[in-house]
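First up is the structure itself, then whatever we jot down about it.
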Amino acid sequence: MQLTRLRGFQDTIAAQARSLAAVEDCARKVVERHNVGEIRIPVLERLELFQHSSGETSDVVEKQMYAFVDRDEAETTLALRPEGTPGVVRAYIEAGMDRSDPEQRFYYVGPMFRRERPQKGRFRQFSQFGVEIFGRADAATDAELMLMIDELRRDLGLELSFEINSLGDGECRPRFRQAVLEYGRAHLAELCEDCRQRLERNPLRLLDCKIDVKLAEAAPKSQDYLCDNCRAHFATVRELLTDAGVPHVVNPRLVRGLDYYSRTTFEVISTAVGAQSAVAAGGRYDGLVESLGGAAVAGTGFAIGIDRLALALDAARFVSRADVALAALGEPAMRRGMKLAAEMRAAGLRVELLSPGRGLKALLRRADKIGARYAVIVGDQELSREVVVLRDLKQSMQREVAQHEIVAELGRLCAEPAIP
Ligand code: HAM
C-alpha cells in the first residue's frame, strides 16, 4: 500500500495554508463590499450538467473530468466539478430565481477538480473563488467584475494585468465562427491534431491553441465581426475600465476554454507564477441559463485561482508567531497555567501551552522555535507566591510579575512593535 498523495494533489501546510486563507478572506471582503452574497453548492453533480455547459468539446469535459458511475439504480454518471459556474447556474434555476427574482449576485469558494498534467501552478485539485451575477446585461457589470479583481490586487499588494476580448452574441458570433471555420479548413494540413479533430465542432479553439501559434495569430479576429450592439457593449466596458484606472489590453485570441461565453471575456495575468500565469478569468454567458432549462436571463462572472494567486504572494508574509509560550513546571502549576492561558487567549493573545514534564531548557528551545516573543514560566515556587516569571525572549531578560497582572502586562507588551 502506498500512503502517498495522488499526483497533482497537494498537502498545504502552515504558512502556505495561511496564504490561501488570506487570499480567500481578502476576496470575501472585496466582493461583500460589492454586495455579493455567498452560495454553497455541491462538489458532485451529474456529468451531464458539465457536458451541457462547460461544453462537450472543451478540454475540461473531454479530457479532464473525474467521472464515475454511481451505484444507484439509474446508474447515474457523476462528476467532481471542474469549475463552479455550471453548479451555480443549476442552483439558481432550481431555486426558481430565474423567474421569481432574476437579479442575483453570488460568490463561492471551494475545490475544483481537473485531470490536467500537473506542473507549477497547475493542480488536479485546486481552489477557486468565483463570482456569478445574474440578470444584468449591462457593460457596467462586466467592468465591475474586473474592478473587484483589481481591488483584490490592490489589497494583496500584487501586480496583475488584464486582457479582454469580445466574442460577440447570437447575432454576430455565427459569422465569426464561420470565418474561423473556413480559415481552419483552408489550413487543415497545418493544424495540430487537436485543432484538426475539433475544427468542425468547435473552431474557435483554434485561436487559443498553444501549438499553432502563428496560424492562430493570423486567424480572423472577433473584433472585425462584432455587430453594432456588441461593439458598443465592448467599447463601454473598455471606457469604464479606463475611467476606473484599470489598465487592460485587448487580446483577440482570448476565446477561453469553456463553451458558454458570449460578448466579454477576460483573463488576469500575473508574472510571478511562471507558465501558469492566468490567476483569474471570466466573462459573460448570456445564453447559459436558458440552455440549461431556465428563463432567458443574462449572466456574467469570473473565477480566481486561489492557489495561483497565493503562489504570487510571498509566503514569508504568512509565517505566524506565537505571542506567548507558557511553561508550567509540575502538575499544580499546569492547572494554573491552563487558566492563565485561557485568560490570555480571551484577551486576543496567541498562546501555546508547552508540554508538561520537560525541563526548562527544552521548554525554552520550543518557545524559540515557535517564534514566541515572551515566555511565561510558572513553577511551584511562583505558584505559592502568586507570581509568574515573564521572560523577554528577544532580549533575554526576565522579571517577576504578579499573576493577576500578567494578562494586562502581556497585552500592553504585545501591542508594541517588537524590538528587532
Ligand atoms: P477557468 O479559466 O477555467 O474559468 O478557471 C479560472 C481560474 O482557475 C484560472 O484562471 C486559474 O487561475 C484557475 N485554475 C484553472 N485550472 C487550474 C488548475 N488545474 N490548477 C490551478 N488553478 C487552476 C472558469 O473556471 C470559469 N468558471 C470562470 C467563470 C466564472 N466564468 C464566468 N464565471
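The values are calculated or read from the model by the stated rules, or taken from the named source; none is laboratory data. The shown structure was predicted, so the numbers you read here are calculated from the model rather than taken from an experiment. Positions of Cβ are generated from backbone atoms using ideal geometry, with glycine treated the same way; all protein chains shown enter the neighbour counts. Accessible surface areas use protein heavy atoms only, side chains included; no ligands, DNA or RNA. Shrake-Rupley method; radii C 1.70, N 1.55, O 1.52, S 1.80 Å.
Worth pointing out:
- Lysine pair count for the chain with Cα-Cα distance under 22 Å and sequence separation of 8 or more or different chains is 7.
- Scaled against the 2.2 N^0.38 Å expected of a compact globular protein of N residues, the Cα radius of gyration of the range 275-420 reads 1.70.
- About its Cα centre, the dipole of the range 239-291 is roughly 180 debye, where the only charges are +1 on Lys and Arg Cβ and -1 on Asp and Glu Cβ.
- Accessible area per residue in Å² at 1.4 Å probe, computed on the range 102-163: 37
- Taking the inverse of the mean reciprocal distance over all distinct Cα pairs, the Kirkwood hydrodynamic radius of the range 228-356 comes to 19.8 Å.
- Sites listed here are trypsin sites (Lys or Arg not before Pro) in the range 210-242 whose DSSP assignment is loop and whose Cβ has at most 10 other Cβ atoms within 10 Å: K210.
- Helix-only [θ]222 nm of the chain, DSSP H runs n ≥ 4, -39500 (n - 2.57) each, per residue, nearest 500: -10500 deg cm²/dmol
- When the alpha-carbon atoms of the range 9-120 are used, the pair Rg, Dmax equals 16.4, 46 angstrom.
- Between R385 and S320, the FRET efficiency estimated from the beta carbon spacing at R0 = 30 angstrom works out to 0.35.
- Where L413, L254 fall by accessible area, highest first, once all protein chains stay in place (1.4 Å): L413, L254
- For the chain, with all protein chains in place and a probe radius of 1.4 Å, 49% of the accessible heavy-atom surface sits on carbon or sulfur.
- Accessible area per residue for the range 325-420, computed on protein heavy atoms with a 1.4 Å probe, is 59 Å².
- All C-alpha to C-alpha distances of the range 72-206, sorted into 5 Å bins beginning at zero, yield P(r) values of 2, 7, 10, 11, 16, 18, 17, 12, 5, 2, 0 percent in whole numbers.
- Summary of the geometry: the range 231-298 and the range 1-56, compared by the centres of their Cα atoms, lie 20 Å apart.
- Here the range 339-420 is treated with +1 on each Lys and Arg Cβ and -1 on each Asp and Glu Cβ, and its dipole about the Cα centre works out to around 420 debye.
- Remark: the chain carries a charge dipole of roughly 1680 debye about the Cα centre, counting +1 on each Lys and Arg Cβ and -1 on each Asp and Glu Cβ.
- Farthest toward positive dipole pole in the range 31-75 [+1 Lys/Arg, -1 Asp/Glu at C-beta], among H34, F50, M65: H34
- Cα radius of gyration and Dmax for the range 178-218 (Å): 8.5, 22
- When the Cα convex hull of the chain is projected onto planes of every orientation, the mean area is 27.6 nm².
- Taking 15 Å as the cut-off, the amide N atoms of the range 129-157 that come nearer than this to a point 7 Å along the Cα-to-beta-carbon line of R28 belong to 129-130.
- Residue-by-residue Karplus 3J(HN,Hα) for the range 302-307, coefficients 6.51, -1.76, 1.60, Hz, glycine and proline x: 8, 9, 9, x, 4, 4
- Gained length - E416 relative to R117, 0.36 nm times residue gap less alpha-carbon distance: 102.8 nm
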